[in-house]
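S.K.: I'd like to ask you about the structure that follows.
Values in this text are rule-based calculations from the coordinates and carry no lab data. No experiment lies behind these values; they were computed from the predicted model shown. Neighbour counts are summed over all protein chains in view; Cβ atoms, including those assigned to glycine, are modelled from backbone coordinates with ideal geometry.
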């Protein structure tokens with residue numbers, strides 16, 4: 001998953017592509033963001049061999065929602081109970097780590113911004129340019145006839 005808008009700086013786009021390739025080569029999950037003096041771009045690498053997140057570009061569109069094109073899938077009938085459990089544990093580990101990193105980044109950024117304000121440096125920051133962050137809303141795909 002990457003930005004939902006084009007990145008203006010071609011070097012930034014290239015850097016993000018290289019970072020994404022490292023994640024793929026080393027079978028890693030994670031998130032990366034790159035910042036220049038005018039814009040910010042991000043990439044989440046969530047598809048690995050050790051978690052249950054799989055790409056799915058066939059998900060039906062939901063009105064007013066961005067379709068992200070992945071699902072969490074670990075069917076015991078196909079994988080066996082042990083492998084299904086391994087993949088789900090890997091997914092839980094990845095999501096917990098992602099949450100921890102996000103919380104740490106938020107706390108440190110708030111701390112540093114507070115220190116700058118105390119030093120008389122005022123920062124005007126509007127998260128995501130004032131746009132509301134989208135939430136992930138799942139759908140139950142276990143109905144008959146669905147994967």
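S.K.: Return the whole-Å distance between the Cα centroid of region 105-130 and the Cα centroid of region 1-49.
M.R.: 24
S.K.: Here's another thing I want to ask about it. Order these by the 10 Å Cβ neighbour count, fewest first: 108, 50. Walk me through the intermediate numbers first.
M.R.: Numbers: 108 10, 50 14.
Least crowded to most crowded, the residues run 108, 50.
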